[in-house]
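Have a look at the structure below before the remarks.
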Amino acid sequence: MSGLTITGSTVVDPATGGVTERDIACANGLIAETPADDAAQIDASGLHVAPGIVDLGVFAVDMPAFVAGGITRVALMPDQVPVIDEPSMVQHAATAGKPSVWVHPLAAATQDLAGKELTELGLMQRAGAVAVSTGRTRIANAGIMLRLLRYANALDLPVITHAEDESLSGHAVATDGETATRLGLASAPAVSEAMAIARDIMLAEESSGHVHFRIVTTAHGFDLIRSAKARGLRVTCGTTPAHLLLCDVDIGPYRTFAKLSPPLRSAEDRDAALAALADGTIDVICSGHDPQGPEAKRLPYADAEAGMSGAETLLTLSLNLVRDGHIDMARLFALLSANPAKLLGVDGGSLSPGSAADLIVFDPEAPWKIDTAAMASRAGNTPFDELPVQGKVVHTIKGGQSLDRPPF
């Protein structure tokens, strides 16, 4: 067999903004104009085909979860052991998923992510880094952040940063409000996010650099980003399905699976995130995939690690945004695939002939229930445990090859 042809499908193309009925041909790892005579076939009648998901900012290489979620490329955060702050670490990380899901390392902005000494970004870029990241926290020193943005701009690399002011957030585990007060949890005001965003927008303007706020969650934060975009600044942002669909009341009776970073916000901030999604302020939906085992989650709320397993539920949860009328299907795959691929400068998010044959075949109506015990991820910690959902990945295709039975 020299190729693959997917027949009878509903094709979602974020490049054209269209949803059409047609076949997709793949040959030699690329989307082809016409199918090869001896190509293998997948009958996708009643199913949708779209570009494979590009997940911007995962904290673990979790191949079964990626394949189960229709993810064909991931941008790996530098918060690894050891930290991705040397060219050799970039090269090592880049080989973690090939030839299946491709891992694109994000270079640590500072040595050991300590926020003090800049790393050799040029050398790491040549080793394969596609962007720069401050990791789980921001760089507190404004002078160092400005130098970073200028250095990255000279290399045409986006700087991916965390948006919380550590002097306010400190050791907080929740957002100020009724829920945190009732549960007696250490909390911080939501304005912590906006303060961090405001500073970095000003530094991006000063440096002409591109700053991407990995997860934005508050009304004030979205207002600042909306204004910066209107002024033509190189500012983009992402968020997660958890911050679009949940709010702080979902912490419930100390549910550590709902302990995230940034923390869940108020219902008003959640609604502001949905409005920012609809008006185009949000550029990327990412999974925030940060699986934590039971030893890290089955602890008192204040002691448990933040993070969730989000890769394999990214699509199914995001489809709720289409059903509820916030965005259409083509816009969803711009957010999941085309936009993150463009931001990182990797081949993805396109169904044009000559593009990488990275595809997802899914049934948008297939019903199932999220079950932490049955997840493919290395750890099934999700705040959506036992939630009935619709939308299931049927095939994940990388370079024209199905990954349905990967050699893990």
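Nothing in this text is a laboratory measurement; each read-out follows from the coordinates by a stated rule. All figures in this text were calculated on a predicted structure; none of them were measured in a lab. When we count neighbours, we look across all protein chains shown, and the Cβ atoms used for this are built from the backbone with ideal geometry, even at glycine.
Normalising by the residue count of the chain, find the relative contact order in percent from Cα pairs under 8 Å and 6+ residues apart. Before the final figure, lay out the partial values.
Details: 1017 pairs, mean separation 81.7, N = 408.
Once divided by the residue count of the chain, the mean separation gives 20 percent.
I'd like to know how segment 259-301 sits against the 2.2 N^0.38 Å rule of thumb: what's its Cα Rg over that expected value? Walk me through the intermediate numbers first.
Values: Rg = 14.0 Å, N = 43, 2.2 N^0.38 = 9.2 Å.
Rounded to two decimals, the normalised Rg is 1.53.
Return the Cα extents of segment 162-261 along principal axes one, two and three, sorted largest first, each rounded to a whole Å.
45, 27, 18
What is the local net charge at T7, summed over the other residues whose Cβ is closer than 11 Å to its Cβ (Lys, Arg +1; Asp, Glu -1)? Walk me through the numbers on the way to the answer.
Numbers: positive: R22; negative: E21, D23, D43.
So the environment of T7 carries a net charge of -2.
Applying the Karplus parametrisation 6.51 cos²θ - 1.76 cosθ + 1.60 with θ = phi - 60° to the phi angles of segment 73-82, what ³J(HN,Hα) value in whole Hz is obtained for each residue in order, glycine and proline being reported as x?
Ordered by residue, 3J(HN,Hα) equals 9, 10, 9, 8, 5, x, 6, 10, 10, x Hz.
List the aspartates and glutamates whose Cα sits under 15 Å from the Cα of K398, skipping any in the same chain fewer than 8 residues away.
Result set, ordered by chain and number: D55, D347, D358.
Taking Cα atoms, how many degrees apart are the long axis of helix 191-207 and the longest axis of the chain, rounded to 10 and kept between 0 and 90?
Between the helix axis and the principal axis of the chain, the angle is about 70 degrees.
Tell me, what is the Rg over Rh of segment 12-171, with Rh the Kirkwood radius over Cα pairs?
Values: Rg = 19.4 Å, Rh = 17.9 Å.
When Rh is taken as the Kirkwood radius, the ratio is 1.08.
State log₁₀ I(q)/I(0) for segment 223-343 at q = 0.10, 0.13, 0.23 Å⁻¹ as given by the Debye formula over alpha-carbon point scatterers of equal weight, solvent excluded.
Computed log10 I(q)/I(0) values: -0.33, -0.56, -1.36.
How much of the calculated P(r) for the chain lies past 32 Å, in percent of all Cα pairs? Don't skip to the answer; put the middle values down first.
On the way: 26304 of 83028 pairs.
So the portion of pairs separated by more than 32 Å is 32 percent.
Between A366 and D271, what is the spin-label point distance in nm, taking each point 7 Å from the Cα along the Cα→C-beta axis?
Reported label-point gap for A366 and D271 is 3.6 nm.
Counting every Cα pair in segment 64-123, what percent are over 20 Å apart? Walk me through the numbers before you get to the answer.
Numbers: 524 of 1770 pairs.
In whole percent, the long-distance tail amounts to 30.
Which value results when the Cα radius of gyration for segment 142-184 is divided by 2.2 N^0.38 Å? Numbers along the way, then the final one.
Numbers: Rg = 16.5 Å, N = 43, 2.2 N^0.38 = 9.2 Å.
Dividing the Cα Rg of segment 142-184 by 2.2 N^0.38 Å gives 1.80.
May I ask you to compute the full-extension gain from E166 to D112, defined as 0.36 nm times their residue separation minus their alpha-carbon distance, rounded to one decimal in nm? Working shown, then result.
Details: separation 54, 0.36 × 54 = 19.44 nm, distance 1.78 nm.
Contour length minus Cα-Cα distance gives 17.7 nm.
When the Karplus curve 6.51 cos²θ - 1.76 cosθ + 1.60 is applied with θ = phi - 60°, which whole-Hz ³J(HN,Hα) does each residue of segment 268-273 get, with x for Gly and Pro?
5, 5, 4, 5, 5, 5
Using only Cα atoms, what Kirkwood radius does segment 79-170 have, in angstroms? Before the final figure, lay out each step's value.
Working: mean 1/r = 0.0750 Å⁻¹.
One over the average 1/r among Cα pairs gives 13.3 Å for segment 79-170.
Setting aside same-chain residues fewer than 8 positions from K229, which lysines have a Cα under 28 Å from its Cα?
By straight Cα distance, K229 reaches K342.
Can you give me the Cα centroid spacing of segment 175-229 and segment 79-125 in angstrom?
Each part's Cα centre sits 26 Å from the other's.
Please give the calculated 222 nm ellipticity per residue for the chain, where each DSSP H segment of at least 4 residues contributes -39500 (n - 2.57) and the sum is spread over every residue; nearest 500 deg cm²/dmol? Spell out each step's value before the answer.
Working: 14 runs with 116 residues, N = 408.
My calculation for the chain gives -7500 deg cm²/dmol from helical runs alone.
Quick check: the angle from helix 219-230's long axis to the longest principal axis of the chain, C-alpha only, nearest 10 degrees?
For helix 219-230, the angle is close to 70 degrees.
Determine the percent antiparallel among the DSSP beta bridges restricted to the chain, to the nearest 5. Mind showing how you got there, number by number?
On the way: 28 of 59 bridges.
Here the antiparallel bridges make up roughly 45 percent for the chain.
Got a sec? How would I327, I6, I144 order by Cβ neighbour count within 10 Å, fewest to most? The partial results should precede the final answer.
Numbers: I327 20, I6 25, I144 17.
Least crowded to most crowded, the residues run I144, I327, I6.
Which order, highest average first, do 296-307, 50-61, 130-141 follow once you tally other Cβ atoms within 10 Å for each residue and take the mean per peptide?
50-61, 130-141, 296-307
Angle check, please: helix 142-154 long axis (alpha carbons) against the longest principal axis of the chain (alpha carbons), in degrees 0 to 90, nearest 10.
Tilt relative to the chain: about 30 degrees.
Pulled fully out, how much extra length does the chain show between T34 and D223, if you take 0.36 nm times their separation in residues and subtract their Cα-Cα distance? Provide the component values of the computation, followed by the final result.
Numbers: separation 189, 0.36 × 189 = 68.04 nm, distance 4.61 nm.
Here the answer is 63.4 nm.
If you rank S337, S169 by fewest surrounding Cβ atoms within 10 Å, what's the result? Write out the running numbers ahead of the final one.
Values: S337 29, S169 23.
The fewest-first ordering by Cβ neighbours comes to S169, S337.
Extension gain Q390-R147, at 0.36 nm per residue separation less the Cα-Cα distance, in nm?
On the way: separation 243, 0.36 × 243 = 87.48 nm, distance 4.60 nm.
Here the answer is 82.9 nm.
So if we plug the beta-carbon distance of D328 and R255 into 1/(1 + (r/R0)^6) with R0 = 25 Å, what FRET efficiency do we get, rounded to 0.05?
Values: r = 32 Å, r/R0 = 1.30.
Using R0 = 25 Å, I get an efficiency of 0.15.
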